[in-house]
Amino acid sequence: MITIILIFLTKISLASFSLDTGLIYLELIAPPRPSGMGMSYGSIADDSETIFYNPAGLVFLFSSELCLTYGNYYNSEFYSSSIIYSFSFQPYGTIAFSGQYFGTSPIDKYDNQGNKLNENAIFYNLLFITSYGISVMDDISLGANLKIFNENISRESDLILGLDFGLLSADFIIKNLFTGFSFLNLSPQTPKLGNKIESITSKIILSSYYLKNNILFSLDFNFFNSGRISLNYGFELCIDKILPDLKLFLRYGLIYLYPDSLSPINFGIGTLYREKFKLDISIQSRYDLGVTYKSLFGLCF
């Protein structure tokens, strides 16, 4: 059964562009707004979800946020849930905390003859993030994350520390153009479960986004430690004239993993009521694995 779980995770790694079988959930736990925009989120800096791509974006939050998320992956037993809390104390910066769970319900174990055993196989990962962002110059900010990973397969587990660093520039060259640089999942440790050496998906993101007339375009280049490159494109349209105090967001994204993989199905929808209550939903499809659904409820105060 452990083998079955690992095979399934390997397939997910190909479908989710994580490129490594180890700590795959680092690529899977993206909240619904980034997921609906093809994970092109390295420069977007107007909500607490920026901590997953560029912690420097926290500087541009001027209110506190509390978000709860849930996701189901590929019509399977795998699911995730998370909580994100951020608060700003400008001019001294913004800090955020997040905890995520990604795993599966207990799965029955069988012996080589197909007989059911009186024990279950369990796979899950825990991720805790502490984030901080601060403005260092006009329209330029820096940020960092401290991550604690806990990976568990059956009765084997490992604990790993990781770091993220990010830089973000607002109104770069032209007004409403944001550009960013981030280095994610730096770790001095290599996780090991039993006799299996795992690998962490580290990457560098060069990103930009442009906002004009309620239309947002984003573009990210991802350089993975495996040597692969992906191009992520995101689009978001804000419709604010449907009902008073209500904004509707329509999202779409593309992921192209050079040289031969394209993920064309990344959709999302969101609402924001009175600038305080937000609800986001995303749908992603990967090859023949099925569909991933994610949702988020957030409170701004």
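Rundown of residues vs (1) within 20 Å of residue 296 (Cα to Cα); (2) free of Cβ contacts under 8 Å to residues at least 40 places away in the same chain, yes/no style:
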site: 221; (1), (2): no, yes
site: 230; (1), (2): no, no
site: 234; (1), (2): yes, no
site: 246; (1), (2): yes, yes
site: 253; (1), (2): yes, no
site: 260; (1), (2): no, yes
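Yes or no: residue 230 of a type in the set (S, T, N, Q), within 16 Å of the chain's Cα centre (by Cα) and either surrounded by 15 or more Cβ atoms within 10 Å (Cβ to Cβ) or closer than 28 Å to residue 167 by Cβ (or both)?
yes
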Query raised in the report: Before we move on, is residue 171 more than 15 Å from the chain's Cα centre (by Cα), at pLDDT below 85 and part of a strand (DSSP E or B)?
Result: no
Report task. Mind listing just one residue for me: the one in segment 277-301 that is of a type in the set (Gly, Ala, Ser) and surrounded by fewer than 20 Cβ atoms within 10 Å (Cβ to Cβ) and, of those, modelled with the lowest pLDDT? Result -> 290
Query raised in the report: For residue 269, are the conditions met, namely being in contact with a helix residue (DSSP H, G or I) (Cβ under 9 Å, 6 or more places away or on another chain), in a strand (DSSP E or B) and of a type in the set (A, V, I, L, M)?
Result: yes
Query - residue 143 vs. criteria modelled with pLDDT of 95 or more and surrounded by 15 or more Cβ atoms within 10 Å (Cβ to Cβ) - result: yes
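The values are calculated or read from the model by the stated rules, or taken from the named source; none is laboratory data. Since we're looking at a predicted model, the values are computed, not measured. Counting neighbours? That spans all protein chains shown, and the Cβs are built from the backbone with ideal geometry, glycine included.
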